[in-house]
Amino acid sequence: MQLYTLKSQVEKSIDKAKDLKKTIGLVPTMGSLHQGHLSLLKKAVQSCEVVWVTIFVNPTQFNNKQDLNNYPKNIKKDLKMIYEISKNIFVFNPEISEMYENKLKIENFDFQDLDKELEGKYRNNHFSGVGTIVSKLFNLFKPTKAFFGEKDFQQTRIIDRLIKIKNFQTELVICPTVREQNGLALSSRNALLSTENKEKAAVIYKTLIYCKENFEKKSFKNIYNDCKKEINSLNDFELEYLEITDNKTLKKTKKNDVKKSFRVFICVLVNGVRLIDNILVK
Ligand code: PAF
């Protein structure tokens, strides 16, 4: 495995790979890797000749200092996990100053309001921060394919838009959410939960399934009230949002449109830890 911390090292290696016409796969992460990340890496290894994983906790996508400070980090374990997937994966683990020079400047993008919905209502500038770092990474790696998880579906819609805005020649590959046996979507933030709350957090996936099963049968208002009551009755649990939206625009829309696809999104705060998830409804 090759571990780099400087952009100049990456540039050299990417230039070499491009000269040899190799396909480049990029898996951007913030570290504290779990099986969900590893599924992205495995997919990248299967379909690209050169694979890079980036480990960088991007400060500009956190609107809350405490959330940034609490974000779990475990680089030694991460490297071991990557090595077990393949010895040939390249790792980029830069310092903040390497990615942002002296100031944490955010770029603004026209995400056509995708950034105003769902997470965007609660995390000011979050998606500008994501767009800024992903744009820097795409410029650096010029990936043929970039791999992201469906768990952060809104993020994948933002990156799809970013690719169009910046005319990146990169294919966005969205990989299915990996779950615990109880249905809880894998997330680096799960490491911050107590064992008991991790078990109880099965309610999140159960809620999504309930929404899917009742989408045609009940009004959304009734579905929402049932779910809110159930979740908020659990100690430490608070429903932040539950929405069923158009799968593409992420806007609330009438459900009698037969041609449309719908997706249900949820965010639950568990003792202050933000857990998000989503599934396709129809
Ligand atoms: O999904 C994440 O881990 C981050 O938002 C990403 C895409 C690595 C950008 O920092």
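The values are calculated or read from the model by the stated rules, or taken from the named source; none is laboratory data. Bear in mind the structure is a predicted one, so any value in this text is a computation, not a measurement. All Cβ positions, even for glycine, are placed from backbone atoms using ideal geometry, and neighbour counts span all protein chains on display. Remember, those area values only see protein heavy atoms, side chains included, never the ligands or the DNA or RNA. Shrake-Rupley method; radii C 1.70, N 1.55, O 1.52, S 1.80 Å.
Among the residues of this structure, Phe147 does not count as one that is among the aromatic types (Phe, Trp, Tyr) and away from the ligand (no atom under 14 Å from the Cβ). Based on what the data block shows, is Phe127 under 19 Å from the mean Cα position of the chain (by Cα) and either away from the ligand (no atom under 14 Å from the Cβ) or not polar (S, T, N, Q) (or both)? Against the criterion (under 19 Å from the mean Cα position of the chain (by Cα) and either away from the ligand (no atom under 14 Å from the Cβ) or not polar (S, T, N, Q) (or both)), Phe127 qualifies. Exactly one residue out of Asp15, Asp78 is closer than 30 Å to Ile106 by Cα, open to solvent by 70 Å² or more (accessible area, probe 1.4 Å) and in a helix (DSSP H, G or I): that is Asp15. The helices (runs of 4 or more DSSP H) falling completely within segment 126-235 that include 3 or more residues that are among the β-branched types (Val, Ile, Thr) and crowded, with 16+ Cβ neighbours inside 10 Å map to 126-141, 153-166, 202-214.
For segment 88-98, indicate whether the set of residues that are farther than 30 Å from Leu193 by Cβ and free of Cβ contacts under 8 Å to residues at least 12 places away in the same chain is non-empty. Yes, the conditions are met somewhere in segment 88-98. Mind listing just one residue for me: the one in segment 46-67 that is part of a loop (DSSP other than H, G, I, E, B) and within 9 Å of the ligand (Cβ to nearest atom) and, of those, farthest from Leu3 (Cα to Cα)? The extreme case among them is Asn58. Among the residues of segment 245-275, those that are open to solvent by 20 Å² or more (accessible area, probe 1.4 Å) and in contact with a Phe, Trp or Tyr (Cβ under 7 Å, 6 or more places away or on another chain) comprise Asn247, Lys255. Can you find, within segment 18-33, the residue that is farthest from the ligand (Cβ to nearest atom) among those that are open to solvent by less than 40 Å² (accessible area, probe 1.4 Å) and farther than 21 Å from Pro59 by Cα? Going through the qualifying residues, I end up with Ile24.
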